[in-house]
């Protein structure tokens, strides 16, 4: 079996899926919080000219001289990236891959695209909050209790951990997922990323599958294999 076939078989056999997602998943959809790209210029060009802001993440945390401009940036961000969002093929493919399996998702993405694409809000934990939290100056929703309940429910069972676009040195989500894979005897660790960001430690190499390449292509191939 090739790696796509191995990953698909592991997902088929899984009792549940634990998904970790970071910036790479958003980039596969066409949204890049760190980029000074055409989309950013189109949506926030006036902020770029006025303040020299070069990315969405910079604009979120810029020290504006007045609250009005801060609110305008965040209002526009929520409008373009949340309100106007329609589920991408990437998210449709991910939803199809999950199918009717039980799942829980940990993500550092603040765009709420997972929920907007059909994933259950009570099964998605935005570990750094959302754009709407920033706009309304509200604390993030802590779903640690739900995450722990999920992990307890599937302790010792066939848990497949799927990691989507998380940098090789990430300690917020990637490190805990690798540690979980190491201590769960029946866990399978599947990581999707660009080749230069793909990292699997030796300790879990025997229970891991690395799928290098464009995440959108890999998810489509996985969906087709599962079908």
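Here the Kirkwood formula, the inverse mean of 1/r across different C-alpha pairs, assigns the range 38-83 a hydrodynamic radius of 10.5 Å. Under a GNM of the chain (C-alpha, springs under 10 Å), which listed residue has the highest mean-square fluctuation: 181, 212, 149? Of the options given, 149 has the highest mean-square fluctuation. Counting neighbouring beta carbons within 10 Å and listing from fewest to most, the residues 150, 61 come out as 61, 150. The reciprocal of the average 1/r between distinct C-alpha atoms defines the Kirkwood hydrodynamic radius, which for the range 60-120 equals 13.6 Å.
Rounded if a/c is under 1.5, else prolate if a/b beats b/c, else oblate: with a ≥ b ≥ c from the C-alpha gyration tensor eigenvalues square-rooted, which is the range 152-227?
Note, shape of the range 152-227 comes out oblate.
Shape class of the range 1-51 from the Cα gyration tensor (axes a ≥ b ≥ c, square roots of the eigenvalues): prolate, since a/c reaches 1.5 or more and a/b is larger than b/c. Neighbour counting of Cβ atoms within 10 Å sorts the residues 60, 41, fewest neighbours leading, into 41, 60. Mind telling me which of 84, 13, 122 comes out most flexible in a GNM of the chain, alpha-carbon contacts under 10 Å? Residue with maximal mean-square fluctuation among 84, 13, 122: 84. Name the most mobile residue of 130, 191, 83, meaning the one with the largest mean-square fluctuation, in a Gaussian network model of the chain with Cα contacts below 10 Å. For the chain, modelled as a Gaussian network with Cα springs under 10 Å, the answer is 83. For the chain, the calculated P(r), taken from all Cα-Cα distances in 5 Å bins from zero up to the bin holding the longest distance, is 1, 6, 14, 18, 19, 16, 11, 7, 5, 2, 1, 0 percent. Computed over every Cα-Cα pair of the range 46-170 and binned at 10 Å starting from 0, the pair-distance distribution P(r) comes out as 11, 36, 33, 15, 5, 1 percent.
So between residue 9 and residue 136, what do we pick up on full extension, going 0.36 nm a residue minus the alpha carbon distance?
41.4 nm
Taken together, the values in this text are just the output of simple stated rules run on the coordinates, not laboratory data. Treat the numbers as computed from the prediction; the structure is a model and nothing was measured. When we count neighbours, we look across all protein chains shown, and the Cβ atoms used for this are built from the backbone with ideal geometry, even at glycine.
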